[in-house]
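Nothing in this text is a laboratory measurement; each read-out follows from the coordinates by a stated rule. This structure is a prediction, so every number in the text was calculated from the model and none was measured. Cβ sites come from the backbone with ideal geometry, for glycine too, and all protein chains shown count toward neighbours.
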Number of protein chains: 2
Amino acid sequence: MLVNPKSLANIKYLSSKDLSLMDGVIKKRLAKKEQLVQEITYHIIGSGGKRLRPILTILSAKLFGYEGSRHINLAAAVEFIHTATLLHDDVVDHSDLRRGKPTANHRWDNKSSILVGDFLFSQAFLLMSEDNDLKILQILSKAASVIAEGEVKQLSSIENLDLTMSDYLDIISAKTAELFAASCMVGSAVAKTDDEMQLSMFNFGLNLGIAFQIIDDVLDYMASSLALGKAIGDDFKEGKVTLPIIIVYGLSDASEKKFWQRVICVNEQNEDDFKQALKIMDKYAVRKKCLEIADDYVSKAKNCINNAPENKIKQSLLDILDFSISRSF
Amino acid sequence: MLVNPKSLANIKYLSSKDLSLMDGVIKKRLAKKEQLVQEITYHIIGSGGKRLRPILTILSAKLFGYEGSRHINLAAAVEFIHTATLLHDDVVDHSDLRRGKPTANHRWDNKSSILVGDFLFSQAFLLMSEDNDLKILQILSKAASVIAEGEVKQLSSIENLDLTMSDYLDIISAKTAELFAASCMVGSAVAKTDDEMQLSMFNFGLNLGIAFQIIDDVLDYMASSLALGKAIGDDFKEGKVTLPIIIVYGLSDASEKKFWQRVICVNEQNEDDFKQALKIMDKYAVRKKCLEIADDYVSKAKNCINNAPENKIKQSLLDILDFSISRSF
């Protein structure tokens, strides 16, 4: 997993003008709102997130030659939904650090994060309803609903070594990949592609999102905290069962299984346990195995856009796939 | 303020069939969802809430002779939005008791309340988007956005004796009255009344909602905990400045002002302070003054439906006004 700091900049290049316009929309929607809403939103949106979801909406519209401006507002809606879920996630996970900065719940408090999240969520729907297209509203309402259900499902993954690969894929499909999928579908819907192509774009985003989340879960064990911008080992500390744990637990011998049961199920952890966890994962080549699974989803995603027009936008979407799997943050 | 336990039952009578149908919609939307989602939602929805907001949607449609079924799904959407805000409110306020039962955050935990709230909120938008009417979506998205902003604004009312009557009215208009207003407007919009009548119905709900919240804030000082179904004195304990405090503080002498500054601004409270607070409020007839203000909004609400058809549904809406101001819970 090599670091290529240029790749994200390259990906952003083709959508940078539209991202700036989106920032204008976000700024306008927040103007005259409570100071706390502005502070918290800018704190999180302005902290150098990857912005992959709005980029996907923008590129998925431009891929099919769309030249209007609806995708700008819809990219802002997607970014609002994503930001709202981040705010609530950080409260639920008790996170202190995101993108190298203190989380909003840490810098302000839980209640501000909850309420500003609600505000951003409702602003997303206001933006969408002003866009006047029921199909778009249905795509994104469904996404919001699936995400929320995925977050609830994820609660069952805490301290639960019975979680299967299939449960895990259900959870990450819902909590992460669905919004990637909806972001792509919305872009192609704005460009008035046919239903089949919209479904292909949905599936492109879904497979991309699954690969992206698998890498995210691997990075939580194996990234440098500096590059990742958040603390590593958070999932471990919390006893959250993700792909690395599912794989390593399946391969572990009896005494190792006892170790996992203590640190994950009982969530009783000593100072050296994280190191020990990494050591066992290394023994069974868990990182490699996770990357192979992620690679598989990347291939599936590539196949989904086989029939899309061949142009530089398509290349950019393929670059996003590569970035998602080779990233170090 | 006499208790009339029959009045709410009387009000519900005309909408009871539609409320049952709404329950069917809610049940169907929750079927096959995570068990936690079902448990928490039924815990809160099934705990004997007043259901005034969905009743308002139902009656506001029937008032104008609507005979279709769209208002059922929209009433469910309104109830979902309301339930989501209750779940998040209870986390923000650290409440332990609602409707005579432990709050969800108390019985389960904060994270479950946050995530199930998000789920219900997104389900509301899914229901609305399936209703296929952009005007309805705009009314309720705007309401959701105003509510969230009102909740954020309300944070500034904590321990803040500089809060003015105008600030207070802004906050309760947003956090409570807007959804009453939107509930009524949606009902009349479904019945295809003209824009002027829809606006009148909005204003009816808005004034009703303001009166309702004023009484709520009075009851938090002066109700019996048993009838109210939640702990009294919560606002006082939290240092939340509401109408009774704004009025009593304006009338207090220098030594009483010092008392309010200690218990509210510094939020340093002894065992007998709540009793003392009630004593000072009694001295300045605060309850009577609050009721007069609430009465004023009830009169405004009545005027808003002057031009609505004269029928038993209208009488039921007038009964809701009376109930809102004479209620003991």
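Using only the alpha-carbon atoms, what does the protein assembly as shown span along each of its principal axes? Please give whole angstrom values in decreasing order.
75, 56, 41
Calculate, in nm to one decimal, what residue A:67 and residue A:38 gain on full extension: separation in residues at 0.36 nm each, minus their alpha carbon distance.
Gain in length upon complete extension: 7.4 nm.
Using a simple charge model, +1 on the beta-carbon of Lys and Arg, -1 on the beta-carbon of Asp and Glu, nothing else, what dipole does region A:82-210 show about its Cα centre, in debye to the nearest 20?
400 debye
Sort out for me the Cα centre separation of region A:1-75 from region B:269-329, rounded to whole Å.
Cα centroid of region A:1-75 versus Cα centroid of region B:269-329: 47 Å apart.
What does the structure give for B:81-91 when I average, per residue, the other chain Cβ atoms found within 10 Å of the residue Cβ?
Counting Cβ atoms of other protein chains within 10 Å of each residue's Cβ and averaging gives 2.
Using the Karplus equation 6.51 cos²θ - 1.76 cosθ + 1.60 (θ = phi - 60°), what ³J(HN,Hα) coupling, rounded to whole Hz, does each residue of region B:195-206 give in order, writing x for Gly and Pro?
These are the phi-based 3J(HN,Hα) values: 4, 5, 5, 4, 5, 4, 5, 4, 5, 4, x, 5 Hz.
Please say if region A:104-194 is rounded, prolate or oblate, where rounded means a/c under 1.5 for a ≥ b ≥ c the square roots of the C-alpha gyration tensor eigenvalues, and otherwise the choice is prolate for a/b larger than b/c and oblate otherwise?
The shape class here is oblate.
If R₀ is 60 angstrom, what is the calculated FRET efficiency for the pair residue A:199 and residue B:170, using the beta carbon separation as r and rounding to 0.05?
Result of the calculation: an efficiency of 0.85.
Using only the alpha-carbon atoms of chain A as identical scatterers, what base-10 log of I(q)/I(0) does the Debye formula give at q = 0.15, 0.16 Å⁻¹?
One equal scatterer on each Cα of chain A leads to -1.27, -1.42.
So, counting K/R as plus one and D/E as minus one, what does the shell of residues with Cβ under 11 Å around residue A:280 add up to?
Counting the neighbours of residue A:280, the net charge comes to 0.
What do you get for the angle between helix B:16-30 and the principal long axis of chain B? Use alpha-carbon atoms, 0 to 90 degrees, nearest ten.
90 degrees
Residue farthest toward the positive end of the dipole of chain B, with Cβ of Lys/Arg at +1 and Asp/Glu at -1: which of B:318, B:83, B:243?
Of the candidates, B:318 comes out farthest on the positive side.
Test of understanding: extend the Cα→C-beta vector of residue A:300 to 7 Å, then name every residue of region A:54-75 with backbone N under 16 Å from that spot.
Answer for this model: none.
For region B:36-124, calculate the relative contact order in percent as a whole number, restricting contacts to Cα pairs under 8 Å that are 6 or more residues apart.
34 percent
At residue A:328, label 7 Å along Cα→Cβ: distances to the other copies, nm, ascending?
7.0
Setting aside same-chain residues fewer than 8 positions from residue A:279, which lysines have a Cα under 17 Å from its Cα?
Partners within reach: A:237, A:257, A:258, A:288, A:289.
Let me check against my output: what whole-number percent is the relative contact order of region B:90-187, with C-alpha pairs under 8 Å and at least 6 apart?
Reported as a whole number, the value is 22 percent.
Quickly rank B:17-24, B:320-327 as a protection proxy: mean count of other C-beta atoms within 10 Å, highest first.
Averaged packing, sorted descending, gives the order B:320-327, B:17-24.
Given points 7 Å out from each Cα along the Cα-Cβ axis, report the residue B:20 to residue A:293 separation in nanometres with one decimal.
That separation, rounded to one decimal, is 4.9 nm.
List the aspartates and glutamates whose Cα lies under 16 Å from the Cα of residue A:300, skipping any in the same chain that are fewer than 8 positions away.
The qualifying aspartates and glutamates are A:178, A:292, A:319, A:322.
Reachable lysines from residue A:28, Cα under 21 Å, same-chain residues fewer than 8 places away excluded?
By straight Cα distance, residue A:28 reaches A:17, B:142, B:153.
For region B:144-158, what does the Karplus curve 6.51 cos²θ - 1.76 cosθ + 1.60, with θ = phi - 60°, yield as ³J(HN,Hα) per residue in whole Hz, taken in order and with x for Gly and Pro?
4, 5, 5, 4, 4, 5, x, 5, 5, 4, 4, 4, 6, 8, 6
Between residue B:254 and residue B:282, take the C-beta separation as r, use R0 = 22 Å, and let me know the FRET efficiency to the nearest 0.05.
In this case the efficiency is close to 0.70.
In terms of modelled amide H atoms, which long-range or inter-chain residues lie less than 5 Å from the amide H of residue A:97?
Here A:103, A:231 satisfy the definition.
Please report the relative contact order for chain B, taking Cα pairs under 8 Å with a sequence separation of at least 6, and give it as a percent rounded to a whole number.
22 percent
Rank by packing, highest mean first: peptides A:29-40, B:138-149, A:103-114, B:78-89, with packing defined as the count of other Cβ atoms within 10 Å averaged across residues.
Most protected by this proxy first, the peptides run B:78-89, B:138-149, A:103-114, A:29-40.
Please compute, for peptide B:33-44, the average count of beta-carbon atoms on other protein chains lying within 10 Å of each residue's beta-carbon.
2
Cα atoms only, region B:224-329: Rg and Dmax in Å?
Reported Rg and Dmax, both Å: 17.6, 54.
A 29 angstrom limit on the alpha carbon distance is what I want to check against. Which of B:111/B:240; A:50/B:175; A:175/A:314 exceed it?
A:50/B:175
In terms of the Cα gyration tensor, with a ≥ b ≥ c the square roots of its eigenvalues, is region A:51-209 rounded because a/c is under 1.5, prolate because a/b exceeds b/c, or oblate?
Oblate is the answer for region A:51-209, as a/c is 1.5 or above yet b/c matches or exceeds a/b.
Give me the inter-chain shielding for B:106-115: mean count of other chain Cβ atoms within 10 Å, whole number please.
5
Specify the angular offset, from 0 to 90 degrees and rounded to the nearest 10, of the alpha carbon long axis of helix B:312-326 from the longest principal axis of the alpha carbons in chain B.
With both axes taken from Cα atoms, the answer is about 20 degrees.
Pull out a ≥ b ≥ c, the square roots of the eigenvalues of the alpha-carbon gyration tensor of region B:116-166, then state rounded if a/c is under 1.5, prolate if not and a/b is larger than b/c, and oblate in the remaining case.
oblate
Name the residues whose placed amide hydrogens come within less than 5 Å of the amide hydrogen of residue B:158, ignoring near sequence neighbours (fewer than 5 apart) on the same chain.
B:241
Quick check: the angle from helix A:178-190's long axis to the longest principal axis of chain A, C-alpha only, nearest 10 degrees?
20 degrees
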